[in-house]
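The values are calculated or read from the model by the stated rules, or taken from the named source; none is laboratory data. Note that the structure is a prediction, hence the values are computed from the model and not measured. All Cβ positions, even for glycine, are placed from backbone atoms using ideal geometry, and neighbour counts span all protein chains on display. The accessibility values were calculated without ligands, DNA or RNA, using every heavy atom of the protein model including side chains. Shrake-Rupley method; radii C 1.70, N 1.55, O 1.52, S 1.80 Å.
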Amino acid sequence: MTYEEAVNYLNETARFAKKNEPEHIKYLLERLGSPQRNLRCVHVAGTNGKGSVCAFIEAFLQEKGWTTGVFSSPHLVSVNERIRLNGRDISDDAFADACGKVKKIVKEDMAEGGNHPSFFECLFLMAMLVFHREMPDCCIIETGMGGRYDATNVLEPEISVITSISMDHMEFLGNTIEDIAAHKAGIIKPGKRVLCAEQRPEVMEVVRREASGKHAFLETVSEDNLKFNEKLGKYIDFLNSNAYDRKRVVGEFQKENMALAIRAVQLLSGTLSDEMIRRGLGHIVLPGRMEEVLPDVFVDAAHNIQGIEAFCRTAEKQFAGKKKRILFAASHKNEENSMRTVLSGLPLTEMFLELSVQNRAVNEQEFESAFEQLIKDRDENTVCFVVGSFYLAGITKKCVIRRKQDVRL
């Protein structure tokens, strides 16, 4: 199987395959030789911040000299982004090889009456094959949606991490914050450690009940109980102005994500010095999280009301006094009006453009026209933002890549 054939197969899978029960994913893993069995893992669930926590853990462990594997989603430009080894996306050849092996056992299983795994589930199976072959010191695994019934929940992680929980994917996870919390808390494993960001009381009650029922060791992590409040602020400042040759903006909410990651790494590997943290932050990249893709043009994948509120707090603080232009498209229709209302309250907004989303996508020609309008005729006191979904962040980055290629030609 070539890389192009692998990508086409997965894209075709996305058009028809539905989510499976974790038991079926475990069965498919058995047919692959149970590649997950001897992997040392950290499992990360939550509504916001999962990807950032994974990236922080990855960077800090590498500073400790550990080899790492990361499985995360979604991707912004290339599907290879979802499977990383030692901070690098896997190669096209490794991607194609893993996909060919998964396709083979899926075909055999379907001939016996089994269901085809979803796009996400296929990639998870592929990641387990890649990690089994390389056997990194630690695999950092991000859930897809929810947790309890997610394909990744077949793992037996050393530590489970639960990031900030808010209302999201209500059509699948439930209409109350308690329902959603119950899905996320489902990743807690009997007798194992779980780190949880400080949450609303009703959310913490659900998490504590789950941990207690499984005799798990629950630790609530916040800036305060880690005594990192002052340090975390300095780390964030360092991350905003480090060795990179371009400006980056990291939201205040990343303090909590960093605190979770620091504590996870401490539990895994012992002491994590300030210098190790600073070195790790010196090369970390958080794609789609207040990422500057052109001078004073930022993309942020905030896709729910909590994320949009955090985005606005950061934009207001980091760019106080600057005129702001926003290109917005909501991936979740149930929160679209609320997200629009919060964004429209951002001070000094001089332009607000909005695109419609159909089947989690926007029309590319409409996007390019709106993006050109967003960035043209702006002065040095103007900052532009593209916000509303991971898909929007991805299409923006692809557009910018094409623009740069055209300039070189």
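Data table
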read-out	value
Selection of GluC sites (Glu not before Pro), region 335-369, meeting DSSP coil and at most 10 other Cβ within 10 Å	none
Rounded to the nearest 10 Å², the accessible area of Arg360 at probe 1.4 Å	150
Met167 - accessible surface, heavy atoms, 1.4 Å probe, Å² rounded to 10	50
Charged-residue dipole, Cβ positions (Lys, Arg, Asp, Glu), the chain about Cα centre, Debye nearest 20	500
Accessible area of region 40-198 divided out per residue, in Å², using a probe of 1.4 angstrom	33
Under 14 Å, Cβ to Cβ, from Glu21 - net charge with Lys/Arg +1 and Asp/Glu -1	0
Of Pro190, Pro201, Pro287, the one that fluctuates the most in a GNM where the chain has Cα springs shorter than 10 Å	Pro201
Solvent accessible area, Å² - Tyr391, 1.4 Å probe, full protein context	80
Contour excess over end-to-end distance, with Cα ends at Asp274 and Phe352 and 0.36 nm allotted per residue	24.0 nm
Residue with peak Gaussian network fluctuation, the chain [Cα springs, cutoff 10 Å], from Asp93, Asp274, Asp377	Asp377
Two-site FRET efficiency, Arg88 against Asn11, from Cβ-Cβ distance with R₀ of 25 Å, rounded to 0.05	0.60
The chain: most fluctuating residue of Glu12, Glu112, Glu309 per GNM, C-alpha cutoff 10 Å	Glu112
Cα-Cα over 20 Å, subset of Lys19/Lys214; Lys18/Lys103; Lys19/Lys103; Lys324/Lys398; Lys323/Lys398; Lys104/Lys189	Lys19/Lys214; Lys324/Lys398; Lys323/Lys398; Lys104/Lys189
Relative contact order [Cα under 8 Å, 6+ residues apart], the chain, whole percent	17
